[in-house]
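Below: the structure, in structure tokens.
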Amino acid sequence: MGHHHSHNHPHDHSHNPHSENAGKSLVIAMIFNLVYAGIEAGIGLTSGSLALLSDAGHNLMDVSSLLLAWIAIKLQEKNHFPDLLTVGKNLQF
């Protein structure tokens with residue numbers, strides 16, 4: 001007894017530029033992380049908690065990663081990186 005499985009949806013994806021929501025979401029995440037890290041650092045300093053201070057530092061590193069992603073989106077929106085090295089296309093320089 002064989003089993004047959006079929007579905008009618010495409011297996012490709014588009015390379016359209018990111019929407020405005022992507023950049024806005026990153027900015028909102030950065031703001032929340034900065035506020036949380038500030039509160040955490042303040043409480044860590046007043047209570048002498050090294051755990052809270054180190055977690056606040058960790059959150060600041062998360063913010064730097066989000067900032068890097070936001071910068072990449074903004075550069076892509078301004079076409080600073082042409083679509084030259086896309087998988088499946090001819091490489092042209």
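The values are calculated or read from the model by the stated rules, or taken from the named source; none is laboratory data. Remember, predicted model here, so these are calculated numbers, not experimental data. Virtual Cβ from ideal backbone geometry, glycine too; neighbours counted across all protein chains shown.
Scanning segment 42-51 for residues that are surrounded by fewer than 18 Cβ atoms within 10 Å (Cβ to Cβ) and assigned to a helix (DSSP H, G or I) turns up Gly42, Ile43, Leu45, Thr46, Ser47, Leu50, Ala51.
Check whether at least one residue in segment 1-12 is assigned to a helix (DSSP H, G or I) and either at pLDDT below 90 or not basic (Lys, Arg) (or both), and report yes or no. Give the derivation first.
Pass one, segment 1-12, residues assigned to a helix (DSSP H, G or I): none.
No: zero hits.
Of all residues in segment 13-43, which are in contact with a Ser or Thr (Cβ under 8 Å, 6 or more places away or on another chain) and either modelled with pLDDT of 95 or more or of a type in the set (Lys, Arg) (or both)? Lay out the reasoning, then the answer.
From segment 13-43, those in contact with a Ser or Thr (Cβ under 8 Å, 6 or more places away or on another chain) are 15, 43; that's our starting set.
Within segment 13-43, just Ile43 meets the criteria.
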